[in-house]
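**Student:** Attaching a single structure in structure tokens format; questions to follow.
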Amino acid sequence: MTAVIEIKGLRKTFRSLRRGPKVALDGFDMLVEPGQIHGFLGPNGSGKTTTLRTLLGLVRADGGEMSILGTPSREYASVAHRVGAIVESPAFFGNFSGRKTLSLLATAGGVGQSRVGEVLERVGLRDRADDRVRSYSLGMKQRLAVASALLKQPELLILDEPANGLDPAGIHEMRTLMRDLAADGVTVLVSSHILSEIEIICDTVTIISRGRRVLAGPVDAVLAEHDNGDFRVRVPEPDRAREVLAGAGLSVTAADDHLVVGGVTDASAISEALGRAEIWLTELSPIAPDLESVFLDLTGTRPVDGVYHQVDDSVAVSVAPQTLEVSA
Ligand SMILES: Nc1ncnc2c1ncn2[C@@H]1O[C@H](COP(=O)(O)OP(=O)(O)OP(=O)(O)O)[C@@H](O)[C@H]1O
Ligand SMILES: [Mg+2]
């Protein structure tokens, strides 16, 4: 199976006289197989946009190898018509309708006008197609951008932060759109710094930190790999329960209103130990790992409102980046 995107050892340093050199990509690798929705996850400033721009020939790399749709990136022009991308939010002319915008783009791109109606339908803009773009919500503008990228019927769609600035309903619409496209056989590469988005929608994920891949693999496998066997335990007498569980050789920590018992392979060890001491459980539930905790482990960044930001450049990352390949 030929990879849709293959990147090996990509390097890019931005040189600015005023601020000095800035290493954006430091030997970055990525592999995207056909038919996937592949999440590209990383904190602000970790190199996602630079990677996508380099891939599309908008930025020149200092080193490394890239191929798109089995074609080396230096021959990108020969496959460009098979790739749709929204890397910078496109600016549309507010006085034109969505339909007119797409119609002009279709003419410019040598695409038949019949395709305009199809893509409007596909992104759910048919009912508003004749309204001026200026009257569109942000979510509708995003969908118009996706529609413009779909005109050429691309096999690969690259979206840089499509959920940015959208409300929950807009995010939901974008998610449904990506799923529909994937069901039609389009490979989707979507970057985000919103972890829950990636977790919900993506089949596979690459996590980037400081210009390097720190993890890649199927989302399910990544999560399973990071399952620590933690359980949430609620009991009427948490202090006594803690002693009992510790006495049974289990590792226990107290959380706000419950206990967390770690490294458990069989939950009956918990209920048995507590039952013997006549402490009766009100809750015993596995704590499933989420991408958030995996990401935190690997990148050493801290969340602000569920969004991760790269720690300041002058501060060393507490966890050294490591490459961990997880296979299905
Ligand atoms: N044209 C440029 N000139 C100088 N530095 C740049 C330029 N473009 C990006 N950088 C720097 O390269 C690093 C990576 O930036 P990039 O935009 O790729 O990050 P990102 O992962 O897309 O972040 P975000 O989540 O904020 O979009 C950052 O430190 C950024 O400041
Ligand atoms: Mg970016």
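Please treat every number below as a calculation from the coordinates, not as lab data. Just so you know, these numbers come straight off a predicted model, no measurement behind them. As a convention, Cβ positions derive from the backbone with ideal geometry for all residues, glycine included, and neighbour counts pool all protein chains shown.
**Student:** With respect to the numbered conditions (1) crowded, with 21+ Cβ neighbours inside 10 Å; (2) within 30 Å of Lys12 (Cα to Cα); (3) among the small types (Gly, Ala, Ser), which one is the sole condition not fulfilled by Ala147?
**Tutor:** Failing condition for Ala147: (2).
**Student:** Another question about this same structure. Looking at Gly84, is it assigned to a strand (DSSP E or B) and in contact with a helix residue (DSSP H, G or I) (Cβ under 6 Å, 6 or more places away or on another chain)?
**Tutor:** Yes; evaluated as a whole, the condition is true for this residue.
**Student:** Output the number of residues of the stretch 60-76 satisfying the condition of being more than 15 Å from ligand 1 (Cβ to nearest atom) and not in a strand (DSSP E or B).
**Tutor:** 6
**Student:** Next up: Please find, within the stretch 37-59, the residue that is nearest to Arg179 (Cα to Cα) out of those that are more than 6 Å from ligand 1 (Cβ to nearest atom) and touching a His at 6+ places or on another chain (Cβ under 8 Å).
**Tutor:** Leu41
**Student:** Follow-up question, since we're still on this one. Tell me which residues, restricted to the stretch 245-298, are farther than 27 Å from Asp220 by Cα, among the acidic types (Asp, Glu) and surrounded by 11 or more Cβ atoms within 10 Å (Cβ to Cβ).
**Tutor:** The answer is Glu272, and nothing else.
**Student:** Among the numbered conditions (1) out of contact with any Asp or Glu (no Cβ under 6 Å at 6 or more places or on another chain); (2) crowded, with 18+ Cβ neighbours inside 10 Å, tell me where Ala163 comes up short.
**Tutor:** (1)
**Student:** Within the stretch 45-59, can one find any residue that is away from ligand 2 (no atom under 16 Å from the Cβ), within 29 Å of Gly110 (Cβ to Cβ) and in contact (Cβ under 8 Å) with a residue 40 or more places away in the chain? Give the steps one after another, and end with the answer.
**Tutor:** First, the residues of the stretch 45-59 that are away from ligand 2 (no atom under 16 Å from the Cβ): 57.
From what is left, the residues that are within 29 Å of Gly110 (Cβ to Cβ) are 57.
Remaining after also requiring in contact (Cβ under 8 Å) with a residue 40 or more places away in the chain: none.
Looking through the stretch 45-59, none of the residues is away from ligand 2 (no atom under 16 Å from the Cβ), within 29 Å of Gly110 (Cβ to Cβ) and in contact (Cβ under 8 Å) with a residue 40 or more places away in the chain.
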